[in-house]
1. Anything in the range B:84-108 that is part of a strand (DSSP E or B) and at the interface with chain A (Cβ under 7 Å from one of its Cβ atoms)? List them, or say none.
2. Just name the residue that is surrounded by the most Cβ atoms within 10 Å (Cβ to Cβ) out of those in the range A:19-66 that are at pLDDT below 80 and within 7 Å of chain B (Cβ to nearest Cβ).
3. In the range A:67-86, what residues are at pLDDT below 75 and within 15 Å of the chain's Cα centre (by Cα)?
């Protein structure tokens, strides 16, 4: 109830003084946005991503993203989530990338499409075959297990993309995804550029939060 | 719809822009820079009840007619409300607590127009 001289601000005879109610309206705006994002409070940032990495990721996504998220059924909430890799343990001939997703997203999330984007730089005119292994946590002992393997022909330096399959759904449900990149030749590995400010590998997922079963009044 | 300006007390859309820097949210909300939390306020005398822009459902129209007739019978008049008649989504790009970037559209967050129900 905003302090007006009427029973409610939108009803007959109400007048409304904007400045005196400013604090109240700002609080209302905060609450409204947090409610709609299903957040109890605003997130506190521990490791914000560099602007360079963010800009690059959005540019790469803008080119291929669906025009509007709203061409879906209005009752379904849809998100696009970009997760940047933490470079994990790397051996001499492979690089391991770790992705962490918010726990809140895990429950009731349906992954529609997940793309893995990474930047490689090879010597000129070299083509390489890149093996990409997808590992997820085993439910019963939290060890990593190989769920699928993809072979990508990388014929030029630059950004490359891989569409992940249903294993991405398992990874989002667990909140954790591990990818291992194993180039076929030794020389190739040493020339991979990973983790540079604006070349950080990332995963972009379009997810839909399963709506509760709603009854429509007719 | 009508935007509130000057001293008119008629049903209108009151613009109210929340700058995320003002509330200290500019760090976790990447885009946009603020949120237009417009709202509807003002009078709806009987003769404008049903102004263009009310919800177009038959059910509402019939209800309005009944109310208007009933209201006509009372000396006081009024009882119609100034409500949103057109809204659009708020598109947000923000960090979640794991520093993932989330992009989403929240439906019906920005009031575009108001009218008398």
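The values are calculated or read from the model by the stated rules, or taken from the named source; none is laboratory data. This is a predicted model, so every value here is computed, not measured. Positions of Cβ are backbone-derived with ideal geometry, glycine not excepted, and every protein chain shown enters the neighbour counts.
1. Going residue by residue through the range B:84-108, those that are part of a strand (DSSP E or B) are B:84-95, B:101-108.
Correct list: B:89, B:95, B:101, B:102, B:103, B:104, B:105, B:106, B:107.
2. Out of the qualifying residues, it is A:49.
3. So in the range A:67-86, the residues at pLDDT below 75 come out as A:67-76.
Correct list: A:69 only.
Residue by residue, here is whether (1) at pLDDT 85 or above; (2) farther than 22 Å from residue B:98 by Cβ holds:
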{"residue": "A:139", "(1), (2)": "no, no"}
{"residue": "A:149", "(1), (2)": "yes, yes"}
{"residue": "A:187", "(1), (2)": "no, yes"}
{"residue": "A:193", "(1), (2)": "no, yes"}
{"residue": "A:198", "(1), (2)": "no, no"}
{"residue": "A:202", "(1), (2)": "yes, no"}
{"residue": "A:205", "(1), (2)": "yes, no"}
{"residue": "A:216", "(1), (2)": "no, yes"}
